[in-house]
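Asks: Got a structure here, written out as structure tokens. Questions coming.
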Amino acid sequence: MPTLIKQHRFCGRNFSTDELLMIRDVVGICGGISRNELAHTVCELLDWKRPRGGLKARECNDFLERLENKGILELPEKRQTGHCGPQKCKKEITDNEPYSRLSGSVEEFAPLDLERVQSRKQRDLFKDFLSRYHYLGYAMPFGARIQYLVYVTRPSREVVGCIQFSSPAWRMKARDQWIGWDDERRGEALQQVVNNSRFLVLAKIRNLASSMLSASLEHLRCDWEEQYGVIPLLLETLVDQKLYHGGCYRAANWIELGRTSGRGRMDKANKRHGKAVKTILVYPLIKNARRRLKEGR
């Protein structure tokens, strides 16, 4: 292959030239299997795993596609399945009415009930709500994820919101400076940061948004540790400053750190600088989160 193969860094891991050559050989030899099967095979050969021992197949899929885009290897065609569709889904709302007609103060409906998304039925419901009512639509999160449906139970049980937590941004200048990270320490501790990547309120209930955030924090730390074997220390989120003020985060005591460059996660060529600037807010889950992330103790 004419493309010069150099070492690559992806998701906090360095891949040597020898490892990249091995990946290319595996993809060439195993031409009859799917991309997902290839990703699992590569993860097993490289021992690329989460702290709990699960394979990082989703990240590996993204890495293989990046290597293909660089001309290092050629992946098999994506297979069609019975429920395939675009990774990002955005549906048109057929009328101007909100999903829920509930109104009033959140105290009238408390306590909120959070249901973790785990079953196929729950996933379909979560995806449908995000696709219809979130301005970004629904997209499969990058890396790890935990999702919640938020219910009120009176006057009857009804979904009033959706919250998604997923893997953090690899590099954000304002966040990294606030913590005091260098590249090496960030690579070691990044997975103790969790990104609130989707937040959707479906009812015009006063203070519902900040109450949803508070309720989710009661569940997230235990659920994340149970699922991934990592204790999260800091939450982060990005708010599109052209559309939202982020008042519910500020009401819930999140800290504003600054702005992003506007490039986005996948803009490695720096073609979108300034196109989608967002406000960075963080929320420490423990009192000494900043020091723990910087020093590891």
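The values are calculated or read from the model by the stated rules, or taken from the named source; none is laboratory data. Bear in mind the structure is a predicted one, so any value in this text is a computation, not a measurement. A quick note on method: Cβ atoms are made from the backbone with ideal geometry, for glycine too, and the neighbour counts reach across all protein chains shown.
Asks: For P98, only one of the following conditions fails: (1) loosely packed, with under 14 Cβ neighbours inside 10 Å; (2) modelled with pLDDT under 85; (3) closer than 24 Å to Q164 by Cα. What is its number?
Replies: Of everything listed in (1) loosely packed, with under 14 Cβ neighbours inside 10 Å; (2) modelled with pLDDT under 85; (3) closer than 24 Å to Q164 by Cα, P98 misses just condition (1).
Asks: Looking only at segment 275-294, filter to residues that are in contact with a strand residue (DSSP E or B) (Cβ under 6 Å, 6 or more places away or on another chain) and surrounded by fewer than 19 Cβ atoms within 10 Å (Cβ to Cβ); which one of those is farthest from Q192 (Cα to Cα)?
Replies: The residue in question is V277.
Asks: Also: So which residues in segment 239-260 are assigned to a loop (DSSP other than H, G, I, E, B), under 18 Å from Y135 (Cα atoms) and among the hydrophobic types (A, V, I, L, M, F, W, C)?
Replies: Let us first name the residues in segment 239-260 that are assigned to a loop (DSSP other than H, G, I, E, B), namely 241-246, 252-254, 260.
So of that shortlist, the ones also under 18 Å from Y135 (Cα atoms) come out as 241-246.
Within segment 239-260, L243 is the sole residue that qualifies.
Asks: OK, next. Considering only segment 8-24, state which residues are loosely packed, with under 12 Cβ neighbours inside 10 Å and assigned to a helix (DSSP H, G or I).
Replies: The answer is D18, and nothing else.
Asks: For segment 205-224, enumerate the residues that are within 15 Å of S100 (Cβ to Cβ) and without any contact (Cβ under 8 Å) to a residue 60 or more places away in the chain.
Replies: Answer for segment 205-224, where residues must be within 15 Å of S100 (Cβ to Cβ) and without any contact (Cβ under 8 Å) to a residue 60 or more places away in the chain: just A209.
Asks: Quick check on segment 25-61: of everything there that is in a loop (DSSP other than H, G, I, E, B) and among the charged types (D, E, K, R), which residue is farthest from the chain's Cα centre (by Cα)? Quick ask: steps written out before the conclusion?
Replies: Of all residues in segment 25-61, those in a loop (DSSP other than H, G, I, E, B) come to 30-34, 47-48, 50-54, 56.
Those still in the list that are among the charged types (D, E, K, R) too: 47, 50, 52, 56.
Numbers: D47: 23, R50: 15, R52: 18, K56: 14 Å.
Restricting to residues being in a loop (DSSP other than H, G, I, E, B) and among the charged types (D, E, K, R), the top hit is D47.
Asks: In segment 143-166, what residues are in a loop (DSSP other than H, G, I, E, B) and in contact (Cβ under 8 Å) with a residue 60 or more places away in the chain? Can you show your working first?
Replies: Here is the first cut: in segment 143-166, the ones in a loop (DSSP other than H, G, I, E, B) are 143-144, 153-157.
Correct list: G143, A144.
Asks: Let me ask another. Output the residues belonging to segment 45-54 that are surrounded by 12 or more Cβ atoms within 10 Å (Cβ to Cβ) and modelled with pLDDT of 85 or more.
Replies: Restricting attention to segment 45-54, the residues satisfying the condition of being surrounded by 12 or more Cβ atoms within 10 Å (Cβ to Cβ) are 45-46, 48-50, 54.
Within segment 45-54, L45, L46, W48, K49 qualify.
Asks: Let me ask another. Restricting to segment 241-256, what's the tally of residues that are of a type in the set (F, W, Y) and more than 18 Å from R206 (Cβ to Cβ)?
Replies: Residues of segment 241-256 that are of a type in the set (F, W, Y), as a first pass: 244, 249, 254.
Applying the additional criterion that residues be more than 18 Å from R206 (Cβ to Cβ) yields 254.
Number satisfying all stated conditions: 1.
Asks: Separate question: Answer with yes or no whether H273 is closer than 16 Å to L200 by Cα and at pLDDT below 90.
Replies: On the way: closer than 16 Å to L200 by Cα: no; at pLDDT below 90: yes.
It is false that H273 is closer than 16 Å to L200 by Cα and at pLDDT below 90.
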